[in-house]
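Quick notes on the structure that follows.
The values are calculated or read from the model by the stated rules, or taken from the named source; none is laboratory data. Bear in mind the structure is a predicted one, so any value in this text is a computation, not a measurement. Using ideal geometry, Cβ is built from the backbone for each residue, glycine included, and neighbour counts are taken over all protein chains shown.
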Amino acid sequence: MVENDLLTNFIKMLECAAPLEVIRKIENDDDIDYSWNIFDSSGFLDILVAEKAGGAGLSLAAAAPLIEELGAQLFPAPAAQTMMARALLTREGIEPPSGPILLAGYNAVIPFAELAGHALVAWQDKVNLIKINTTILRPMGLYGSRSAKLEFASAPEVLVSLLITPETLRASAAVLRAAEIAGMAGAVLRMTVAYANERIQFGKPIGKQQAIQQQLAILAEQALLARMAARLGCAAGLPPTTEAAAAAKLVASASVPLVTNIAHAVHGAIGISEEYNLQLFTRRLYEARLADGADGYWATLLGARHLAGGAATSLDFVRATSPV
Amino acid sequence: MFDTLNPCTIPPEDEALRPHIRALAAETVARLPAETRARSWSGLDIEFSHRLGREGFLGLTLPKEYGGAGRGPFARFVVVEELLAVGAPVAAHWIADRQSAPLILNYGTEAQRKLFLPKIASGEIFFCIGMSEPNSGSDLASVRTRAEKISTGWVLNGQKIWTTNALHADYMIALIRTSGTVNERQAGLSQLLVPLKAKGVTVRPITDLTGASEFAEVFFDNVKLDEDALVGKEGQGWDQATAELAFERSGPERIYSSLVLIDTWVQHLRRVGRIIGPAAQLAGEFTGKLMVLRAMSLAVTGQLAAGESPVIEASLIKDLGTSYEQEVPALIAEDIGSHPDEEVSVEFYRTLNFMSRIAPSFSLRGGTREILRGIIARGLGLR
C-alpha cells in the first residue's frame, strides 16, 4: 500500500517535471534545470541512500518499479544513475555532488551524458568520482539524443576514489539500464496494443487480425521477460552481483530488437514520423541496449564464469548465482 | 500489463527438501547415458516412480488425509526441479502427480478422493489424459468420443490419440461428449475416469520419430463404466479440463527439457578446453535466460501458492520456456558443427540428435504455440 502510494507520487512528480513537450525540448538541446530542480527537491533522488545518511533507505528491489517508470515516462536525464551514485557515494561516507551523475566506463557511450556534471568512472582498476567538462565530453551528435562518451587524453582529474570495483560499477549500471528497458518495453506494449485496437483497416481494427495478434503476443512476452530480468537484477541488492546483473542486462537487451521491430511493424508509417511518440521510446531502446554492455558482452562474461567454474549442472550454477 | 509477477524466493522449509531428492535423483541417473536422461519428463522407470512414492515425494501438495504431504506448490517445485535437472525418469507418475491428483482433489467425490489419491501419492497407480482425437487436436471442443447414459452408468465408444503414457497408465481421465453433438462445442463435454484394463479398451502404441513409443492410440468399444466414473459435474468437462491445462503450463518442465543437453555440451567444452569466446557467449545466453525464466516460473508458483490463477501468465511462460528449450539443440548443433575437427563423443552426438528430433514437440504438447498466443492476445484485450 505504502509502495503503491510511493509509485503514484513518483509518477505525478515525473509528469510535472517532464511532460512530453519538455522531454522533446531537452532531447533537442534544452538544458535540464527545470526538470531536474523539481526532481531533486522531491527527495526521490535519495531513495536508495541509507536512512542514517538522510535517504529513504529503499532496497533496490523495492525501488525497481520506480526505476522502470523512469523509462516508461521517458525522463530525459540520468536520474536512476544519480540515485545509484548517491547511494554508492554515501555508503563510503562521501558527500555526493549536486546535479546528474553518470555511471560510466572509459570510452563507453552513455545516454544523456551531455546533461551530467559528474561521473563515477572506471579508470585504471579504480572507480573515481570526476567532474565532467567539455574537454572530456564527446557528444555523439545523434538527432534527438544527448548521448556522449567520456574521452581522456590523459588521466582524469579525480575528486575522490571509491572502494567499489569497476566490475561492481558496471553491474550496477547494467541493472538500472535493464530496468529502464523494461519500463520502456512495457510502455511500448501498451501503446502498440492501443493502436492495434483503434486502427481500422479492411473494415475492422487491425488487432482483430490473427497475424497481428500473434505478433503482439510475442511483444507481450518480451516485455514481461525484460521486466522479470530487471526485477531479478534488482533483487540482487545494492550493489547487485555481477551474475544477476549479467542475466538481467543480457535478457533485457536481447528483447529490444523484437520489441522495437514488432511495435514499428504494427504502427506502420506513422511510427516512423518524428511527431508520433513511438520513436521517443524506440530510439532510446536501441541506445539502452548498447549502453552498459549489450547482450553479447554480458553473455560472454556469464558463460565464461560457468565454463571455468565447477558447477555440475547449469541449474546448479544458476541457483548459486541467482538472487531467487 | 501482467505486472503482478514479482521474483519470489523458495521458503526454507521447502528448500530443505532439496538434499534428499537430489541424492535420490543422482543415484538413479548414475547408470543412465545422457541420451536417456535427455528424455526429461518422458523418461520412464516404473520402479523409480514407486520409490519416489514410498519416500514421500509424490502427492506433495495433496492433503495428508489423502496420503499427501500437505505442502504447497514450492515444495513440488523443488522436487520437480531437482529431478528434471539431471534427467531422472519421471514419466510413469508424472501426469498422475501433476494433473490427475489435483483434478480429483478439486472436482472428485469424496469416494474418488479416498480411492485414488493415496495410491497416486504412494506411486502405486499411474494416469494418462485423453484429450486429442484423430479429428480433434487444437480444436479440442470438437471431440466425438461419446458416452451414453445407461441404468448402471455409461457406455463409451470412440477413440483417443497421441495419449502420452497410455501404455503404462492404469487410468485415463478422458474428455468425452456425454450429451449434444459436435456442433454444440464445449457444452455437453464431461470428464470420465476410464480404467484402461476394462473390457473393450485397446491401447496401441505409436512409434515416434526417435523410435520410442511414448504415446498411443486408445480405442473404446462399448466400454461399460460405473456411474461414479464421472469426475466433477456432467457438462462441465471443458471448464475443468482447461483449468487443468493452465496449471500445467508454468512449471519448470516448460523450461528444463533441454538442460541435460546443455550440460552434456558444457562438459564437452570443458573437456576440449573451449571455454572463452563464442562458446562462452552461448553458454552465457543459455544460463542468463535460464535464470530469468526460472524466476518467472517461481513468480507464478508464488501466485499459485497465494491462491491466485495466473492463466495468461502461464501461457506467456510456456511459450517463452518452450522457445528456449527449442532453440538449445539448434544453437548447440551450430556450435558443434562449426568445429568439425573437434572430437564429439557418440553419447553427445546421440543426445544432440535425439533433442533436435524431439524438440518440435515441446511447443505442441499442452497447447500449441499459436493457440497460446491467441490466449495471450485475448488477455491483451484484442479478442
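This table checks each residue for (1) among the hydrophobic types (A, V, I, L, M, F, W, C); (2) without any contact (Cβ under 8 Å) to a residue 40 or more places away in the chain.
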{"position": "B:Asn165", "(1), (2)": "no, no"}
{"position": "B:Met172", "(1), (2)": "yes, no"}
{"position": "B:Leu175", "(1), (2)": "yes, no"}
{"position": "B:Thr178", "(1), (2)": "no, no"}
{"position": "B:Leu193", "(1), (2)": "yes, no"}
{"position": "B:Gly200", "(1), (2)": "no, no"}
{"position": "B:Thr207", "(1), (2)": "no, yes"}
{"position": "B:Thr210", "(1), (2)": "no, no"}
{"position": "B:Glu214", "(1), (2)": "no, no"}
Per the list (1) touching a strand residue (DSSP E or B) at 6+ places or on another chain (Cβ under 6 Å); (2) within 27 Å of A:Glu274 (Cα to Cα); (3) of a type outside the set (Asp, Glu); (4) buried (at least 24 other Cβ atoms within 10 Å of the Cβ), residue check on A:Pro139 breaks on (4)
With the condition kept exactly as written, say whether any residue in region A:59-69 is free of Cβ contacts under 8 Å to residues at least 24 places away in the same chain, surrounded by fewer than 20 Cβ atoms within 10 Å (Cβ to Cβ) and on the phi < 0 side of the Ramachandran plot. no
For region B:258-267, does any single residue satisfy the condition of being part of a helix (DSSP H, G or I), of a type in the set (Ser, Thr, Tyr) and either within 30 Å of B:Ile336 (Cβ to Cβ) or over 23 Å from the mean Cα position of the chain (by Cα) (or both)? yes
A careful count of residues in region B:241-264 that are hydrophobic (A, V, I, L, M, F, W, C) and at pLDDT below 95 gives 5
With the first residue restricted to region A:183-201 and required to be surrounded by fewer than 18 Cβ atoms within 10 Å (Cβ to Cβ), and the second required to be assigned to a helix (DSSP H, G or I) and of a type in the set (A, V, I, L, M), Cβ contacts under 7 Å at 6 or more apart or on different chains are A:Arg199/A:Ile206
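Listed here are the residues, each with its yes/no results for (1) surrounded by fewer than 16 Cβ atoms within 10 Å (Cβ to Cβ); (2) modelled with pLDDT of 95 or more; (3) within 13 Å of chain A (Cβ to nearest Cβ).
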{"position": "B:Leu5", "(1), (2), (3)": "no, no, yes"}
{"position": "B:Arg22", "(1), (2), (3)": "no, yes, yes"}
{"position": "B:Arg39", "(1), (2), (3)": "no, yes, no"}
{"position": "B:Phe57", "(1), (2), (3)": "no, yes, no"}
* To do: Test B:Leu245 against the stated conditions and say whether it is part of a helix (DSSP H, G or I) and more than 13 Å from chain A (Cβ to nearest Cβ).
  => yes
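If the requirement is being outside any loop (DSSP other than H, G, I, E, B) and small (Gly, Ala, Ser), which of these qualifies: A:Ala155, A:Ala122? Step through it out loud before you land on a result.
Working: A:Ala155 fails: outside any loop (DSSP other than H, G, I, E, B).
Being outside any loop (DSSP other than H, G, I, E, B) and small (Gly, Ala, Ser) holds for just one of A:Ala155, A:Ala122, which is A:Ala122.
From the list A:Ala64, A:Ala79, A:Ala56, A:Ala85, which one is within 14 Å of chain B (Cβ to nearest Cβ), closer than 22 Å to A:Gly237 by Cβ and not hydroxyl-bearing (Ser, Thr, Tyr)? Talk me through it step by step, then tell me what you get.
Numbers: A:Ala79 fails: within 14 Å of chain B (Cβ to nearest Cβ); A:Ala56 fails: within 14 Å of chain B (Cβ to nearest Cβ); A:Ala85 fails: within 14 Å of chain B (Cβ to nearest Cβ).
Testing whether each residue is within 14 Å of chain B (Cβ to nearest Cβ), closer than 22 Å to A:Gly237 by Cβ and not hydroxyl-bearing (Ser, Thr, Tyr) leaves just A:Ala64.
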If we keep only residues of region A:208-220 that are part of a helix (DSSP H, G or I), more than 30 Å from the chain's Cα centre (by Cα) and not charged (D, E, K, R), then the residue farthest from A:Thr260 (Cα to Cα) is A:Gln210
### Flag if B:Gln240 is touching a strand residue (DSSP E or B) at 6+ places or on another chain (Cβ under 9 Å), assigned to a helix (DSSP H, G or I) and more than 7 Å from every other protein chain (Cβ to nearest Cβ)
yes
Given the conditions (1) outside any helix (DSSP H, G or I); (2) away from every other protein chain (no Cβ under 12 Å); (3) of a type outside the set (A, V, I, L, M), every one holds for A:Pro323 apart from (2)
Quick count over region B:15-36, residues being touching a residue at least 60 places away in the same chain (Cβ under 8 Å) and farther than 17 Å from A:Asp316 by Cα, is 4
Review point. Just wondering, is there one or more residues in region A:253-274 that are in contact (Cβ under 8 Å) with a residue 12 or more places away in the chain and at the interface with chain B (Cβ under 9 Å from one of its Cβ atoms)?
Key: yes
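Tally up the residues in region A:234-277 that are among the charged types (D, E, K, R) and surrounded by 24 or more Cβ atoms within 10 Å (Cβ to Cβ), please. Step through it out loud before you land on a result.
Taking region A:234-277 and keeping what is among the charged types (D, E, K, R), we get A:243, A:249, A:274-275.
Then keep just the ones that are surrounded by 24 or more Cβ atoms within 10 Å (Cβ to Cβ); that gives A:243, A:249.
So the count comes out to 2.
Answer yes or no as to whether A:Ala230 is over 22 Å from B:Ala314 (Cβ atoms), of a type outside the set (Val, Ile, Thr), in contact with a helix residue (DSSP H, G or I) (Cβ under 9 Å, 6 or more places away or on another chain) and at the interface with chain B (Cβ under 10 Å from one of its Cβ atoms).
Working: over 22 Å from B:Ala314 (Cβ atoms): no; of a type outside the set (Val, Ile, Thr): yes; in contact with a helix residue (DSSP H, G or I) (Cβ under 9 Å, 6 or more places away or on another chain): yes; at the interface with chain B (Cβ under 10 Å from one of its Cβ atoms): yes.
When the stated conditions are applied, A:Ala230 does not pass them.
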All conditions in (1) in a strand (DSSP E or B); (2) more than 23 Å from B:Phe215 (Cα to Cα) are true of B:Gln159 except (2)
